[in-house]
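Reading through the structure tokens given below for one structure.
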Amino acid sequence: QISLLIGFISVNSSPWVDYSAFSYFQIVTMCDLVMILFFYIIHIFRIYRKLTCVSWPLAEFLHYLIGTILLLIASIVAASRSYNLSGLVAGATFGFLATILCVLSIWSSYKVSCITQSTSKCH
């Protein structure tokens, strides 16, 4: 989240050369940050216990998966259109870092759920 926020701030405070590429980067990072905040609020206030009709683990997994793919695309576009401006290069770099961290988060969450399921079946 912090790397995503730093990438957003870096791109936002830099002079832009290609508006469409960096506005796409900003939209993707803002949507990811809002959805991460949304899922934190759901976990903090335990809303998932009251709204049982929604599969929250599946919703969170799909958000991270789609958000990671969109963030990877936005980072590639931002890196290719940065024209060696330091703020835009920093934004693209932190976008790539956030993408790697999101993939690691997805992998670790999936691994933990598989271990939990396999041990619960044995008992």
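The values are calculated or read from the model by the stated rules, or taken from the named source; none is laboratory data. If you're wondering where the values come from, they're calculated on a predicted model, not measured in any experiment. With ideal geometry, Cβ positions are generated from the backbone for all residues, glycine too; neighbour counts draw on all protein chains shown. Note: accessible area is taken over every heavy atom of the protein model, side chains too, but ligands, DNA and RNA are not part of it. Shrake-Rupley method; radii C 1.70, N 1.55, O 1.52, S 1.80 Å.
A few comments on the model shown:
- Count of segment 82-123 residues, restricted to those that are part of a helix (DSSP H, G or I), modelled with pLDDT under 85 and aromatic (Phe, Trp, Tyr), is 3.
- Among the residues of segment 1-52, the ones that are closer than 19 Å to Asn84 by Cα and either in a loop (DSSP other than H, G, I, E, B) or in contact with a Cys (Cβ under 7 Å, 6 or more places away or on another chain) (or both) come to 6 in all.
- Set Leu97, Leu51, Leu58: member being out of contact with any His (no Cβ under 6 Å at 6 or more places or on another chain), closer than 19 Å to Tyr24 by Cβ and of a type outside the set (Gly, Ala, Ser): Leu97
- Tally of residues being open to solvent by less than 70 Å² (accessible area, probe 1.4 Å) and closer than 21 Å to Cys102 by Cα across segment 42-58: 3
- When segment 59-72 is filtered for residues that are open to solvent by 50 Å² or more (accessible area, probe 1.4 Å) and in contact (Cβ under 8 Å) with a residue 12 or more places away in the chain, the ones remaining, listed by number, are Phe61, Leu65, Leu70, Leu72.
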